[in-house]
Amino acid sequence: MNKHFLALHQFTREELDDLFVFTKELKAKQKQRIPHRHLEGKSIALIFEKASTRTRISFEVGVFQLGAQPLFISTGTSQMGRGEPIRDTARVISRYCDGVMIRTYGQETIEEFARYSTAPVINGLTDRFHPCQVMADLFTVIEQKGGYEGLKFAWVGDGNNMANSWIEAAAIFGFELTLACPKGYEPDATVLAWARSKGTTLITLTDDPHEAVRDADVINTDVWASMGQEAEQKIREIAFTGFQVNEGLLDGAKGNCMVLHCLPAHRGEEITDDVIEGSHSAVWDEAENRLHIQKAIMAWLME
């Protein structure tokens, strides 16, 4: 097993399937109020360069439920915000703490931190990957559809960190994935090339959302302008015209299709209010499952 959890491509299908089984066990214990203090007496650093709601709360609550102490650290109020080298911070924090979660911009930042850290490091989000979120999404699919095998997945919107992690997941788990992105907003070409080189599944890229969702079992989307891209909002609104997940788009998918959104949602932009509140939406279960999958990841790495 890999020491860190930075991207899905580090792991085998068998390892990640085992993680889903462990997540199911932990979720059941939490629902039954059965203690599961796998990290009793440990301390976990939670480092945030980007703002957060779900990541911060789910990790803090998860650390507490596992019996450990969460330490929230904002880069803006620490020496990291004053230019201390990443390798120095990593060496010091990993001597104090038993594990580290980082939510930051550059993937290179978290990879350098992990290189110098003696404690396991978890990617809470970077601009390139969002592995914890996609694992939570897949766990939600497994819960509600009985598994991911044989399903067709669709991504509609920006070729961002979520799209990249979905591409990795498709290659690892072997399900069909079609991504609809406007021209110029495609996923990372190296991630796509890596996934296609595995030859495990059909991964298709198109600029037609209707083609992407045709007969889809699971439809995913995200905001059109992620954190750090706010200045591009108006430009992106024009580029993403026609890429909204609405009832008309769902007409081409399976009748029992599931809609996922990692949140926060800009209702009326990338997704309509009636879809996110409708019968196809699994968004709230998906959000809850961040807590359960992340607890499993932390216990898996740090116990």
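The values are calculated or read from the model by the stated rules, or taken from the named source; none is laboratory data. Here the structure is a predicted model, which is why all the values come from computation and not from measurement. Glycine also receives a Cβ, built like all others from the backbone with ideal geometry; neighbour counts cover every protein chain displayed.
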Residue within the stretch 56-64 that is within 16 Å of the chain's Cα centre (by Cα) and under 21 Å from Thr109 (Cα atoms) present: yes
Any helices (runs of 4 or more DSSP H) falling wholly within the stretch 223-303 and containing at least 3 residues that are surrounded by fewer than 18 Cβ atoms within 10 Å (Cβ to Cβ): 233-239, 283-302
Index of the failed condition, Gly62 passing every other in (1) closer than 30 Å to Gly83 by Cβ; (2) among the small types (Gly, Ala, Ser); (3) buried (at least 21 other Cβ atoms within 10 Å of the Cβ): (1)
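Evaluate the stretch 83-93: report whether one residue or more is out of contact with any strand residue (DSSP E or B) (no Cβ under 9 Å at 6 or more places or on another chain) and crowded, with 17+ Cβ neighbours inside 10 Å.
yes
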Condition met for Gly67 (surrounded by fewer than 16 Cβ atoms within 10 Å (Cβ to Cβ), closer than 23 Å to Asn161 by Cα, at pLDDT 95 or above and not aliphatic (A, V, I, L, M)): no
Which listed residue is assigned to a helix (DSSP H, G or I), within 20 Å of Val134 (Cβ to Cβ) and in contact with a Phe, Trp or Tyr (Cβ under 7 Å, 6 or more places away or on another chain), from Leu26, Leu19: Leu19
Residue within the stretch 33-43 that is surrounded by fewer than 18 Cβ atoms within 10 Å (Cβ to Cβ), part of a strand (DSSP E or B), touching a Phe, Trp or Tyr at 6+ places or on another chain (Cβ under 8 Å) and in contact (Cβ under 8 Å) with a residue 40 or more places away in the chain present: yes
